[in-house]
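Presented below is the structure to which this report refers.
The values are calculated or read from the model by the stated rules, or taken from the named source; none is laboratory data. Here the structure is a predicted model, which is why all the values come from computation and not from measurement. Glycine gets a Cβ as well: all are built from the backbone with ideal geometry, and neighbour counts include every protein chain shown.
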Amino acid sequence: MDALKHIAIIMDGNGRWAKKQGKIRTFGHNAGAKKVIEVTKRVSQLGIKYLSLYAFSTENWKREKSEVDFLMKLLSKFLKKELKTLMENNIKFRIIGDLSKFSKSLQNVINNTIEKTKNNSGMTQILAINYGSRDEIIRAVNSIEKETITQKDLENALDTKDFCDVDMLIRTGGEKRLSNFLLWQSAYAELFFTKTLWPDFSLEELDHIIMNFKQRERRYGGI
Ligand code: FPP
């Protein structure tokens, strides 16, 4: 059985979940944020080292301004509230993505959460915000001052340089695509797609997916 050290999740379906109940999309994002806390606690209790969550992509700026503004406020509120959970569960908080586009106040909340949790030694929760793999790779390449670069050089320049590759990638919400999430890091990840909308994603389903992962044989191109 392969070790499961890093789970990545594309949390899709908040908008549809809200619509199904006749509510506005932002209602779904609130429910989605609650689910983040529930899943984070479970993954940390399972002794898994890294949990990466796609919270806002470089492409999400194309959404209605009101939704983008809501997501920014939610993120800030979420982080202030989540700090207690992170400390109680010995979880370190990190982000990947280009922070420079965010407001100074949001950057402060983010940096404060990173700082306060930096000595926690359990799981690391990695939030991907203003993140896109292509953007990350280009930023990395441009930061390397070498004529010829190796895979290691690139890996050491990625936002994920302190973490290991993704072992399992889950996407909720029914679509079967990676949407520019951790493309380099998921080269050998086992992929799981579920129709369940993110706010409905249960810990039972997570356990079931993990059980399924343990039965897969990963050969990394070998035999
Ligand atoms: C996809 O749902 C969700 C996102 C835009 C990103 C995920 C956001 C959350 C889980 C909530 C906030 C999280 C944090 C950490 C504060 P969608 O709107 O694309 O749903 P749809 O496909 O049904 O429209």
**Message:** Considering only residues that are under 17 Å from residue 64 (Cα atoms) and either more than 6 Å from the ligand (Cβ to nearest atom) or buried (at least 22 other Cβ atoms within 10 Å of the Cβ) (or both), which ones fall in region 13-24?
**Reply:** 13, 14, 18, 19, 23, 24
**Prompt:** If you go through region 88-97 one residue at a time, do you hit one that is in contact with an Asp or Glu (Cβ under 7 Å, 6 or more places away or on another chain) and more than 10 Å from the ligand (Cβ to nearest atom)?
**Reply:** yes
**Fill in**
Among (1) surrounded by fewer than 13 Cβ atoms within 10 Å (Cβ to Cβ); (2) without any contact (Cβ under 8 Å) to a residue 40 or more places away in the chain, residue 164 falls short only on (2)
**Complete:** Out of (1) modelled with pLDDT of 95 or more; (2) more than 22 Å from residue 114 (Cα to Cα); (3) near the ligand (Cβ under 8 Å from one of its atoms), the one residue 60 does not meet is (1)
**Request:** List the strands (runs of 3 or more DSSP E) that sit entirely inside region 1-112 and contain at least 2 residues that are of a type in the set (Ser, Thr, Tyr) and free of Cβ contacts under 8 Å to residues at least 60 places away in the same chain.
**Result:** none
**Filter result (in contact with a strand residue (DSSP E or B) (Cβ under 6 Å, 6 or more places away or on another chain) and within 13 Å of the ligand (Cβ to nearest atom)) within region 181-211** = 181
**Asked** Could you say which residue among 51, 79, 86 is touching a His at 6+ places or on another chain (Cβ under 9 Å) and at pLDDT 95 or above?
**Response** 51
**Request:** Please work out which residue is farthest from residue 189 (Cα to Cα), limiting yourself to region 33-50 and to residues that are within 8 Å of the ligand (Cβ to nearest atom) and touching a Leu at 6+ places or on another chain (Cβ under 9 Å).
**Result:** 33
**Request:** Restricting attention to region 165-221, report how many residues are more than 22 Å from residue 25 (Cα to Cα), acidic (Asp, Glu) and either at pLDDT below 95 or not in a strand (DSSP E or B) (or both).
**Result:** 6
